[in-house]
Amino acid sequence: MRLFATPRLFQSIMSAVILCSVMATPGWSVPVPVQTNTSEVVELLKKAYSELGSGSVDQAVGTLCAVIKLDRNSAMGRRYLCYALLQRGEAREAIAQLDALAQLNCGIPFDLCMRGQALQLMGEYRKATEALKAAVGLDPTSDYIRDKLIDSLQMSGDYKEASAECADGYYAAQDKKLQNHYLEVYNQIQQARAWVVGQTTPTIPAVEPSLEDTQTVYSYGPMITAPTVTKSSQ
């Protein structure tokens with residue numbers, strides 16, 4: 001199971017949040033913005049970003065709590081805080097941040113991905129899979145989110161659909177290393193369970209990845225950017 005990113009992958013995961021599509025839901029209301037010291041909030045967000053990138057999760061949680069105290073409507077602050085809480089395994093607290101984000105009416109596919117990861121931690125594998133499927137549906141180009149869906153499908157015991165997702169990722173991949181990653185995961189799935197008679201799985205060409213090509217390389221979709229002074233970060 002590969003729930004979270006290592007600090008080395010953090011810079012890739014934290015890309016392009018401000019450019020994400022907004023998932024508007026009818027009936028959601030946007031809270032009235034509170035007056036805050038914008039420059040202080042931005043500096044704290046930059047500090048938290050740096051702390052998360054270096055793996056200093058506990059420090060980042062403290063910094064992000066300070067952000068929320070200053071601006072309870074900071075979508076970026078709550079998204080970073082959710083990510084940090086997941087790193088600490090605090091699933092319910094992470095979901096509370098995602099629920100707050102929903103009230104701000106500024107959700108993105110990565111929020112659904114994080115909800116799926118939180119539900120996995122809580123042992124709610126079916127619900128986690130539903131959230132991750134929705135995230136892939138909204139951002140089918142994100143290999144990071146698809147990878148999390150494949151994990152969730154395996155935990156749910158749905159090896160056939162996990163194999164299908166591997167096949168989809170394999171054929172859509174533009175990068176040889178990424179293709180090899182999906183092939184490797186596909187082969188692991190086949191080894192994890194003896195398929196019942198008559199059950200078929202998608203076929204992926206039997207290509208043996210070389211050792212130099214087995215490192216996971218993601219084609220990251222829109223996720224999280226380093227904070228900048230924009231209306232999105234206020």
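Can you tell me which of 216, 201 is farther than 30 Å from residue 71 by Cβ, at pLDDT below 80 and within 20 Å of the chain's Cα centre (by Cα)?
Result: 216 is the single residue among 216, 201 that is farther than 30 Å from residue 71 by Cβ, at pLDDT below 80 and within 20 Å of the chain's Cα centre (by Cα).
A single entry from 118, 134 fulfils the requirement of being touching a Pro at 6+ places or on another chain (Cβ under 9 Å) and not β-branched (Val, Ile, Thr): 134.
Inspect segment 53-69 for any residue being under 16 Å from the mean Cα position of the chain (by Cα) and not hydrophobic (A, V, I, L, M, F, W, C) and give the result as yes or no. Scanning segment 53-69, I find at least one residue that is under 16 Å from the mean Cα position of the chain (by Cα) and not hydrophobic (A, V, I, L, M, F, W, C), so the answer is yes. Restricting segment 158-196 to residues that are outside any helix (DSSP H, G or I) and either among the aromatic types (Phe, Trp, Tyr) or touching a residue at least 24 places away in the same chain (Cβ under 8 Å) (or both), which is nearest to residue 130 (Cα to Cα)? By that ranking, first place goes to 158. Only residues that are assigned to a loop (DSSP other than H, G, I, E, B) and touching a residue at least 12 places away in the same chain (Cβ under 8 Å) were counted in segment 112-139, giving 2. Here segment 152-164 is the region considered, the condition is being buried (at least 22 other Cβ atoms within 10 Å of the Cβ) and not polar (S, T, N, Q), and the residue that is nearest to residue 108 (Cα to Cα) is 153. Kindly provide the set of residues from segment 71-93 that are surrounded by 23 or more Cβ atoms within 10 Å (Cβ to Cβ) and of a type in the set (Gly, Ala, Ser), ordered by number. Once the filter is applied, which keeps residues that are surrounded by 23 or more Cβ atoms within 10 Å (Cβ to Cβ) and of a type in the set (Gly, Ala, Ser), segment 71-93 yields 74, 77, 84. Of (1) over 19 Å from the mean Cα position of the chain (by Cα); (2) buried (at least 24 other Cβ atoms within 10 Å of the Cβ), residue 167 satisfies all except one. Which? It is condition (2) that residue 167 fails.
Restricting segment 62-110 to residues that are closer than 22 Å to residue 121 by Cα and not in a helix (DSSP H, G or I), the residue that is modelled with the lowest pLDDT is 107.
Pairs are defined by a Cβ separation below 6 Å, a sequence spacing of at least 6 or placement on different chains, a first member in segment 85-111 that is over 18 Å from residue 149 (Cβ atoms) and touching a residue at least 40 places away in the same chain (Cβ under 8 Å), and a second member that is β-branched (Val, Ile, Thr) and in a helix (DSSP H, G or I); the pairs so defined are 87/57.
The values are calculated or read from the model by the stated rules, or taken from the named source; none is laboratory data. Owing to the predicted nature of the structure, the values given are computational and were not obtained by experimental measurement. For neighbour counting, all protein chains shown are included, and Cβ atoms are generated from backbone atoms with ideal geometry for every residue, glycine included.
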